[in-house]
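Structure record follows, encoded as structure tokens.
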Amino acid sequence: MDAGYGNNSDLRTEITALGLTYVAGLLSSTTVWAPGTGPLPPKPWSGRGRPPKLMRRNRQHRPAAVKTLAIGLPAKAWRTITWRQGTNEKLSSRFARVRVRAAHRDYWQTTQRLEEWLLIEWPKGEDQPTKYWLSTLPEDVAFRTLVETVKLRWRIERDYQELKQEVGLGHFEGRGWRGFHHHATMCIAAFGFLISERETIPPSGARRARRARPIPLARVPADCRPRGSAATDPTSHSRFDHDDATATPARARPNAVEMSLLCNQVRPFHRPPFVTQ
């Protein structure tokens, strides 16, 4: 997900509750708990009222923004990783990853959130990091695999663009959910079929040899007369046209005179000359 969705902590929590993993973009102002830190435990029970259960924080113990955390990382934390071959050259950049805990409104939580990967991209020549992601991929995932998974967002955007423009997902002009649901379902099914066919084309895959089957030719009946054929009737509407459609009318003009369509000289008239086309 991009930062428009990834910055929604409730959405990330619900995805985790479904047993799914995610890679979500973040804004630089998103707060997390640095490695080895976390929210304070609930206050000790005073013996009166209900025992406190919510996590807490104070002025000295607070989470940090991902941008602040990234700038404070040591130089050895950054690695240059190549994730795929681009149009002109291989695509690579500098990345760092750390294990953090999301901190958005965790003072309403009774337990700490689980640790997840914070991936940061800081290309060479930039004054500050440019992109941030949170991911619930396994803790033992390879660094390069994490980067490659993050960069799959480009492929998703390309597929979505083809789905809207080539297949027609963006051509829906109705106003009801039922119509849009049917339209989107048909477009996604068609796009899935095209993708399954594309993956069989080299170099993605070897196309299976298909046995050519002879196609029987349909026999044309002897009394068939195609529309417009010279063998048809003179005219289908003899009431309006009494001429034979197969005969070419020859209208001789014995006194035909050639007429020039262009002027052979420029005449300084006050009005433009008459021109036919």
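The values are calculated or read from the model by the stated rules, or taken from the named source; none is laboratory data. Source: prediction; values computed, not measured. Note that each Cβ is placed from the backbone with ideal geometry, even for glycine, and that neighbours are counted across all protein chains shown.
The table for this structure:
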| item | result |
| --- | --- |
| Odd one out for residue 28, checked against (1) part of a loop (DSSP other than H, G, I, E, B); (2) under 24 Å from residue 110 (Cα atoms) | (2) |
| Enumeration of residues in region 134-153 that are part of a helix (DSSP H, G or I) and either surrounded by 17 or more Cβ atoms within 10 Å (Cβ to Cβ) or not aromatic (Phe, Trp, Tyr) (or both) | 144, 145, 146, 147, 148, 149, 150, 153 |
| Residue list for region 187-203, restricted to those being in contact (Cβ under 8 Å) with a residue 24 or more places away in the chain, farther than 23 Å from residue 2 by Cα and either in contact with a Cys (Cβ under 6 Å, 6 or more places away or on another chain) or aromatic (Phe, Trp, Tyr) (or both) | none |
| Close pairs (7 angstrom Cβ cut-off, 6 or more residues apart or separate chains): surrounded by 10 or more Cβ atoms within 10 Å (Cβ to Cβ) in region 171-186, part of a helix (DSSP H, G or I) anywhere | 172/180; 172/183; 174/180; 184/169 |
| Among (1) over 26 Å from the mean Cα position of the chain (by Cα); (2) not in a loop (DSSP other than H, G, I, E, B) - the single one residue 104 does not satisfy | (2) |
| Among (1) surrounded by 10 or more Cβ atoms within 10 Å (Cβ to Cβ); (2) closer than 28 Å to residue 162 by Cβ; (3) modelled with pLDDT under 90; (4) of a type in the set (S, T, N, Q), the one test that residue 236 misses | (2) |
| Residue match in region 38-51 (condition: crowded, with 16+ Cβ neighbours inside 10 Å, touching a Pro at 6+ places or on another chain (Cβ under 7 Å) and touching a residue at least 12 places away in the same chain (Cβ under 8 Å)) | no |
| So residue 48, is it in contact with a helix residue (DSSP H, G or I) (Cβ under 6 Å, 6 or more places away or on another chain) and either among the charged types (D, E, K, R) or farther than 12 Å from residue 103 by Cα (or both) | no |
| Test: residue in region 39-54 that is of a type in the set (Gly, Ala, Ser) and under 32 Å from the mean Cα position of the chain (by Cα) | no |
